[in-house]
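The values are calculated or read from the model by the stated rules, or taken from the named source; none is laboratory data. Predicted model only: the values in this text are computed from it and were never measured. Here the Cβ is made from the backbone with ideal geometry for all residues, glycine too, and neighbour counts use every protein chain on show. Accessible surface is based on the protein model in full, side chains and every heavy atom, while ligands, DNA and RNA are left aside. Shrake-Rupley method; radii C 1.70, N 1.55, O 1.52, S 1.80 Å.
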Amino acid sequence: MARRGTKRKRVHKPSDSSKESPLTTDMDIMLKGKQIMKRVTDNLVHTIIMHRDIISKIDQINNVSRKKATIGIFGKSGEGKSSLLSAILGKQDLLPSGCFGACTAIVTQVEANLTDSNYIAEIEFFSKEECEKELKDIFRVLSDESEDRNEDLIEIAAQKITALYGADADKKTLEELKKDDKFTEIETSLSINKKTISNNDVSEFINDVAPYILHSEASSGGWYWPLVKSVTYKVPDCHELLEHFVFVDIPGSGDCNKLRDDKWKSKLTECSSVWIVSDINRVSTDSGPWGILKHCIEELGPGGECKSMNFICTKTDNINLPAYIRSARITLDQTSGDKKKVCILHRNEHAKTRVKEKFENLEFKKRFSTDDNFLNIFTVSSNAFFDHNLNLEPCETEIPKLQDDLRTFNRNINRELTRDYVNEAKGLLSLIQSVQLDTSTKTVETKVKVYIELEMNLIKALNELDRGFDTIYSNLEQCLSKGVDQSVQLCVSSTQATISPNIDKRGFHKILQALCKNDGCYWSKNWDVILDLNKQLAKHLQECIDEYFNLIFPMTGTTGQSVQEQIDKFSIIQSDSAYSESPILHHIQNYIKTEETDLKANLKREVVDNKKSIYSSIQMTIKKEMSSCYEQAAAMTGIGSMKKRQELLIATVDTIKHDMFNQAKTEVLKKFNILKLYIKDYLNSELKKSMKLSLSQASNITSMDVSEEIEQMERLAEQLSN
């Protein structure tokens, strides 16, 4: 217990602190805040007032890290993705053409190197066991001589094996290949799970990385991409553009490797923004980007966290002037100036209008919880951004607009991080100051009474939170029940439409066999044929919950019904406290408020991650229930095997439909309930720790007066708000 007459130690600080000039950047404010807290920490080391707990908390806020936001990029090879990112980063030819999924489904990432001036590539390989399985799968495909063999898979397998071992490798057996010196050489060089390439010379860096990401038809052998799982580029000198972001290529080459498939699908759910890249000359006719987006909608929309979308029309400088003048019926006279520029800008505006209209008419648009700012359209020329002789000013290439958007996003995140730091620091200083005021038996008694009051408030707040979650649970259950009824009624016809489509049947038996081998899903090499039976079976159940799901898990804004809003309403601080006149209560409340704010911010990430798990559980349950049927159907061969597969799939769906869809419903509700319990337990346990710390008593040796530090933090907070 503290005693009367306790010596109060002042934290040493520069004089005339009240006359300090306003700081100009968020970084300056963050630095100033950390300097204040360092002085406090240095003095706490020499005292014995709760110093371990408080120093630990100061260390936590000083070392806080934030997961980078993910920008996913869609687009076929040759659409200009590599050139686009090179231009945005201001480094021409940094990313070689084709490094974005030209022939593979490697997950490729680009982020900032925040530590030094080197260009870095972190290359992740398959494990030895995975590589062995990959080779066996390649040779199994190559040796398939049945009528059911899939030509797309054979072409990909041949590309892989010749890329690694040379032009004649696809003519050898696996046993013959193992006797080749090149086999041992590759096995030794790829024995490590990860390889890091680092160089401050960009040309040398590109050459060093090329064998792991590119494919050459002219020069076979020595290209390692078939054994690469992912590549992460780290680029120097782009702090203001990419500090808080990572670009991720969304591959669409049709490589059915399960490991890569799982890797990039998990990346899809992390995308907070999506960039769709398409050559402007094909923007009106090419359905590819929209088709890929449609297929991935569950991972991006209700089952993901996508908040915005950029449609980027590339290669705007590439225009056939006479042909465009005729097709667009443009009348140009001598006063028109640079006729090519006039036509380029005219086509750009026309393309933006067409894309906007197409997006508004998309059936799957409603699967996103969107606002008016969800879709932005850009018409860019990466070549003209670097070459000023190509008719366009830099601003007309729209690369600077994309750069400004990234800078703005990064500034906003820095502002948010700085605000969080200052608020948490103020809370800790209030906790220290509450100890400083703890100088008599009376104030100790007040603290105990405040603690009891906070405990009662915590019980009330948790009960209120529970009621809010019960309402959500009940409404979600009603939507799911409706979805189960519709699914049971329509699942057989959905199955028939998927596995017996009204198309040319001559090649469909190969597609159906590939679908069964791949657990109910088939993507052609160019994504022009996409069949997913699990998705079709989940469709009606998902459609019945989509509208309500977007209300309880919106990506932006408020709905009045969301899980996060229930959390945000939670508080154990009440304005009608019986001890509102107590100076100690003022500081304890400030500390508890900052703790509550921090806990709620931490829960936002948990809510988003659990949302994805809840939504995806519908399709995952269906896939699991159908797995044995897929395995049995895939094993069927011979004359009439396609019809047998179709009959088996339809009969299985009809037999298990009630159990399967009710199980999917149960799994959704179970996962929601787990989320509810986690949120309640987390708030309960963490706030009890904070309350216990606030009840701690001052040492009988030294306490610390940090009133001036609190004033300094208040001034920093005011500068942020201004």
Might you let me know whether region 114-130 holds any residue that is of a type in the set (S, T, N, Q), surrounded by 15 or more Cβ atoms within 10 Å (Cβ to Cβ), modelled with pLDDT of 80 or more and outside any loop (DSSP other than H, G, I, E, B)? no
Starting from region 621-644, keep only residues that are in contact (Cβ under 8 Å) with a residue 40 or more places away in the chain, then list their pairs with residues that are surrounded by fewer than 18 Cβ atoms within 10 Å (Cβ to Cβ) and among the hydrophobic types (A, V, I, L, M, F, W, C) whose Cβ atoms are within a distance under 6 Å, requiring at least 6 positions of separation or different chains. Ala633/Leu648
Determine the pairs where a residue that is without any contact (Cβ under 8 Å) to a residue 40 or more places away in the chain, located within region 583-610, has a partner that is part of a helix (DSSP H, G or I) and crowded, with 20+ Cβ neighbours inside 10 Å with Cβ atoms under 7 Å apart, the partner being 6 or more residues away or on another chain. Lys600/Ile567
Can Ile614 be described as closer than 30 Å to Asn518 by Cα and under 17 Å from the mean Cα position of the chain (by Cα)? yes
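Looking at Ile656, Ile639, Ile572, which one is assigned to a loop (DSSP other than H, G, I, E, B), open to solvent by 30 Å² or more (accessible area, probe 1.4 Å) and among the aliphatic types (A, V, I, L, M)?
On inspection, the qualifying residue turns out to be Ile639.
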Quick check: is even one residue across region 60-73 in a helix (DSSP H, G or I), open to solvent by less than 50 Å² (accessible area, probe 1.4 Å), over 30 Å from Asp598 (Cα atoms) and at pLDDT 80 or above? no
Which of the residues belonging to region 456-478 are among the small types (Gly, Ala, Ser) and touching a residue at least 60 places away in the same chain (Cβ under 8 Å)? Ala461, Gly468
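Look at region 640-688 and say how many of its residues are among the hydrophobic types (A, V, I, L, M, F, W, C) and under 30 Å from Glu453 (Cα atoms). Break it down into steps so the answer makes sense when it comes.
Taking region 640-688 first, the residues among the hydrophobic types (A, V, I, L, M, F, W, C) are 642, 648-651, 653, 656, 660-661, 664, 668-669, 672, 674-675, 677, 679, 683, 687.
Checking the rest, the ones that are also under 30 Å from Glu453 (Cα atoms) come to 674-675, 677, 679, 683, 687.
The qualifying residues number 6.
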Residue that is modelled with the lowest pLDDT, among those in region 487-503 that are open to solvent by 60 Å² or more (accessible area, probe 1.4 Å) and within 22 Å of Ala634 (Cβ to Cβ): Ile503
Between a residue in region 56-77 that is more than 23 Å from Cys306 (Cβ to Cβ) and any residue that is of a type in the set (Asp, Glu) and open to solvent by less than 70 Å² (accessible area, probe 1.4 Å), which pairs come within a Cβ distance under 9 Å, given they are 6 or more apart or on different chains? Lys57/Glu424; Gln60/Glu424; Ile61/Asp420; Ile61/Glu424; Ile61/Asp598; Val64/Asp420; Val64/Glu424
So, first residue under 30 Å from Ser86 (Cα atoms) and in contact (Cβ under 8 Å) with a residue 24 or more places away in the chain in region 315-332, second residue in a loop (DSSP other than H, G, I, E, B) and open to solvent by less than 90 Å² (accessible area, probe 1.4 Å), Cβ within less than 7 Å, six or more apart or across chains; the pairs are Lys315/Gly80; Lys315/Ser381; Thr316/Val380; Thr316/Ser381; Asp317/Ser381; Asp317/Leu390; Asp317/Asn391; Asp317/Leu392
Positions within region 204-245 being in contact with a Lys or Arg (Cβ under 9 Å, 6 or more places away or on another chain), farther than 23 Å from Lys171 by Cβ, open to solvent by less than 50 Å² (accessible area, probe 1.4 Å) and part of a helix (DSSP H, G or I), in sequence order: Tyr212, Leu241, Leu242
Going by what's in this entry, would Asn414 be described as over 29 Å from Pro302 (Cβ atoms), modelled with pLDDT of 85 or more and touching a helix residue (DSSP H, G or I) at 6+ places or on another chain (Cβ under 9 Å)? yes
